[in-house]
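Contents: one structure, followed by commentary.
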Amino acid sequence: MEVLIKPLITEKMSAVTEKYPNRYGFVVDKRATKGQIKKAVEDMYDVSVATVNTMIYLGKQKSRYTRTGFQTGRKSSFKKAIVTLNEGQSIDFYSNI
């Protein structure tokens, strides 16, 4: 199971990282536990994780009008993890660019 899917690099998450410099967000597999997320972040980025907070987001309801009428559906749901690192540590997402 691939635990970490992608890092969250949004305006809202950037504001959280500016306010709390050692917090980072990731989209993770819905079946992943906090222990698995902690181990995956520590292994991938070579940092020590203090805490992991997770939340599951339900996909947004979407509808569109087509020739055959209204089509309604739902975007995929996902799990988000906010990882807090120990003091003095950081992750640089832009180092590979």
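Throughout, read-outs are computed from the coordinates displayed, never taken from laboratory work. These numbers come from a predicted model, not from an experiment. We place every Cβ from the backbone using ideal geometry, glycine too, and count neighbours over all the protein chains shown.
Structure summary
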{"item": "Selection from the stretch 1-39 of residues that are in contact (Cβ under 8 Å) with a residue 40 or more places away in the chain, closer than 23 Å to Ser76 by Cβ and hydroxyl-bearing (Ser, Thr, Tyr)", "result": "Tyr24"}
{"item": "Residue match in the stretch 20-30 (condition: out of contact with any Asp or Glu (no Cβ under 7 Å at 6 or more places or on another chain) and surrounded by fewer than 11 Cβ atoms within 10 Å (Cβ to Cβ))", "result": "no"}
{"item": "Residues of the stretch 38-81 satisfying the condition of being of a type in the set (Gly, Ala, Ser) and over 15 Å from Tyr24 (Cβ atoms)", "result": "Gly59, Ser63, Gly69, Gly73, Ser76, Ser77"}
{"item": "Leading residue by the ranking (surrounded by the most Cβ atoms within 10 Å (Cβ to Cβ)) among those in the stretch 51-97 that are closer than 18 Å to Lys6 by Cβ, of a type in the set (Gly, Ala, Ser) and without any contact (Cβ under 8 Å) to a residue 40 or more places away in the chain", "result": "Gly59"}
{"item": "Counted residues, the stretch 30-50 - those being of a type in the set (Val, Ile, Thr) and more than 17 Å from Glu2 (Cβ to Cβ)", "result": "2"}
{"item": "Every residue from the stretch 31-75 that is assigned to a loop (DSSP other than H, G, I, E, B) and of a type in the set (A, V, I, L, M)", "result": "Ala32, Val47, Leu58"}
